[in-house]
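Working notes, beginning with the structure itself.
The values are calculated or read from the model by the stated rules, or taken from the named source; none is laboratory data. Since the model is a prediction, treat every value here as computed from it, not as a measurement. FYI the Cβ positions are ideal-geometry reconstructions off the backbone, even for glycines, and counts take in every protein chain you see. Keep in mind that these areas ignore ligands, DNA and RNA; they rest on the heavy atoms of the full protein, side chains included. Shrake-Rupley method; radii C 1.70, N 1.55, O 1.52, S 1.80 Å.
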Amino acid sequence: MQVCVFPKLEEIHLSEMNMLTDIWHAEVMSADSFSSLISVHIYRCKKIDKIFPSHMEGWFASLNSLKVYDCESVEVIFEIKDSQQVDVSSSIDTNLQLIEVWRLPNLKLVWSTDPGGILNFKRLRSIQVNGCYKLRNVFPASVAKDVRKLESMSVMNCEGMLEIVEDGSETNNEKLMFPELTNMELYELSNLKRFYKGKHFIECPRLKKLRMGRCEKLKTFPIETSETTNEEVKPVFSAEKVRNIFHYSH
């Protein structure tokens with residue numbers, strides 16, 4: 001028998017619960033559990049390995065703010081079901097606007113697989129990633145295409161990061177646009193090779209501040225106006241389209 005659990009609860013804040021291994025117990029909770037949840041903030045919970053298991057995809061449509069700090073065992077933030085096992089026509093809209101993941105040394109994936117439109121994050125406004133050494137990318141291809149309200153992006157101290165957007169055939173032949181992005185920070189990403197594996201610059205028409213440093217392998221601006229045929233050194237930005245550049249190396 002399933003029961004509705006905390007249908008009016010708006011906030012969950014967990015701190016220093018070192019024996020906690022799982023936040024949610026799916027077997028006893030109905031689909032309308034936690035239906036009013038607005039914020040989830042988790043700090044220093046050593047044994048949690050994932051934040052949202054796949055059985056929770058429909059439970060956090062109202063979620064606005066997610067912060068996960070100093071949780072050394074977390075490997076996945078959003079566990080996504082295999083798209084082949086889900087009805088694509090029943091897409092779930094989320095209200096998530098803020099994601100902050102800091103000092104998660106074993107985080108491998110923010111999204112376990114590309115949700116492919118089954119779960120969308122179209123209202124996301126800010127994402128901050130810091131101190132996640134095993135994370136190889138931030139966005140799956142379909143998520144990167146849909147976060148058109150994103151205003152701020154900060155990715156720092158992630159030495160395993162290879163690209164911001166996961167290599168996917170969806171993005172290779174089309175422009176990647178962030179029409180509302182005004183602030184971007186990329187710092188201490190020593191293995192970052194590219195923003196995404198596409199043939200075009202990323203389009204950020206409102207970008208006002210770009211702060212960069214210690215991204216030795218990333219080619220940011222073109223040296224010449226002619227196109228390069230080597231996609232590994234393809235520049236990310238056209239300098240003329242960025243209003244204010246704060247480019248630092250130390």
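General remarks:
- Descending semi-axes in whole angstrom, ellipsoid equivalent of segment 102-166, from the Cα gyration tensor: 20, 13, 9
- Pairwise label distance in nanometres, His55 with Glu180, each label 7 Å out on the Cα-Cβ vector: 3.4
- Candidate residues Thr113, Thr21, Thr182, Thr94: accessible-area rank, largest first, probe 1.4 Å: Thr21, Thr113, Thr182, Thr94
- Three-way shape label, segment 63-153, alpha-carbon gyration tensor, a/c 1.5: oblate
- Label-to-label distance for His41 and Leu98 is 0.8 nm, based on points extended 7 Å past Cα in the beta-carbon direction.
- Counted residue by residue at 0.36 nm each, then reduced by the alpha carbon distance between them, the extension gain from Arg136 to Leu14 reaches 41.2 nm.
- For the residues Tyr187, Tyr133, Tyr196, a 1.4 Å probe over the protein chains yields an accessible-area ranking, largest first, of Tyr133, Tyr187, Tyr196.
- Long pairs among Lys122/Lys175; Lys50/Lys217; Lys46/Lys67; Lys50/Lys197; Lys108/Lys175; Lys50/Lys134, criterion Cα-Cα beyond 22 Å: Lys50/Lys217; Lys50/Lys197; Lys108/Lys175
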